[in-house]
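Trainee: So that we are looking at the same thing, I have put the structure below in structure tokens.
The values are calculated or read from the model by the stated rules, or taken from the named source; none is laboratory data. Fair warning: this is a prediction, and the values are worked out from it, not measured in the lab. For neighbour counting, all protein chains shown are included, and Cβ atoms are generated from backbone atoms with ideal geometry for every residue, glycine included. Remember, those area values only see protein heavy atoms, side chains included, never the ligands or the DNA or RNA. Shrake-Rupley method; radii C 1.70, N 1.55, O 1.52, S 1.80 Å.
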Amino acid sequence: MYPNDGFRELGRDECLRLLATAPVGRVVHTRNALPAVLPVNFCLDEDGAVLLCTSAASDLARAVDRSVVAFEADEVDTDRNAGWSVVVTGRATVVTEPAERERLSRVGPRSWAPSPEEVFVRIRPELVSGRELVGGRTLYGVDLAP
């Protein structure tokens, strides 16, 4: 980001607050040594961890368990040329502890494609960054609004 480019860097707490308002995000992981992006519904846990719910047999659960992944969510207002984007980077793990699985079954996200055996995936927020585009201003202070 450059001075006067219209973007504002967001702090960790603000990033997590905004992230909690998004209904859908994207998990970025490695698949066959290439980046893969998958849209998912999610929620945040009390500690700011990103929680996903998916089939135990899914490619996603196998691909991300014990791997470093990125998770991104955003909101865009095309009429105002404004919006925000938040990225969480951290290690993803499939939750296996029975008491934690039970707790997450009550408070965690629900899969949009339910399966007979579901698992929760937790992404620990080791790096959290975000930015907001304020009022559609460019690097040179030109207003993009119609």
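Trainee: Over the chain, what is the mean sequence separation of C-alpha contacts under 8 Å (at least six apart), divided by residue count, expressed as relative contact order in percent?
Mentor: Result for the chain is 34 percent.
Trainee: Using the charge dipole of region 5-129 (Lys, Arg: +1 at Cβ; Asp, Glu: -1 at Cβ; taken about the Cα centre), state which of A33, C43, S129 has its Cα farthest towards the positive end.
Mentor: Going by the charge dipole, the pick is A33.
Trainee: Would you kindly derive the ³J(HN,Hα) couplings of region 39-47 from the backbone phi angles with the Karplus curve 6.51 cos²θ - 1.76 cosθ + 1.60 (θ = phi - 60°), listing them in order in whole Hz, with x for Gly and Pro?
Mentor: x, 8, 8, 6, 8, 9, 7, 4, 8
Trainee: Work out from phi, with θ = phi - 60° and the Karplus expression 6.51 cos²θ - 1.76 cosθ + 1.60, the ³J(HN,Hα) of each residue of region 91-100, listed in order in whole Hz, and give x for Gly and Pro.
Mentor: Coupling constants for region 91-100: 7, 9, 9, 7, 6, 10, 5, x, 5, 5 Hz.
Trainee: Can you tell me which of L127, L18, L51 moves the most in a GNM of the chain? Springs connect C-alpha atoms under 10 Å apart.
Mentor: Highest fluctuation of the listed residues: L127.
Trainee: Give the accessible surface of the chain per residue, rounded to a whole number of Å², with probe radius 1.4 Å and ligands, DNA and RNA excluded.
Mentor: Per residue, the chain has 60 Å² of solvent-accessible surface.
Trainee: At 222 nm, what value in deg cm²/dmol follows for the chain if DSSP H runs of at least 4 each add -39500 (n - 2.57) and the sum is divided by all its residues, to the nearest 500?
Mentor: Rounded to the nearest 500, the figure is -4500 deg cm²/dmol.
Trainee: Same structure, new question: At V95 and R31, where each label point lies 7 Å from the Cα along Cα→Cβ, what is the point-to-point distance in nanometres?
Mentor: 2.4 nm
Trainee: How much of the accessible area of region 12-100, in percent, comes from carbon and sulfur atoms when a 1.4 Å probe is used?
Mentor: 53 percent
Trainee: Further question on the same structure: Can you compute the charge dipole magnitude of the chain about its Cα centre, using +1 on each Lys and Arg Cβ and -1 on each Asp and Glu Cβ, nothing else charged? Give it in debye, rounded to the nearest 20.
Mentor: For this selection, approximately 280 debye.
Trainee: Turning to a different aspect of this structure: What net charge do the residues around A70 carry, taking every other residue with its C-beta under 14 Å from that of A70, with Lys and Arg at +1 and Asp and Glu at -1?
Mentor: Charge balance near A70 sits at +1.
Trainee: Let me ask something else about it. Per residue of region 117-122, what does 6.51 cos²θ - 1.76 cosθ + 1.60 with θ = phi - 60° give for ³J(HN,Hα)? Whole Hz please, x for Gly and Pro, Karplus curve as stated.
Mentor: 10, 10, 10, 9, 10, 10
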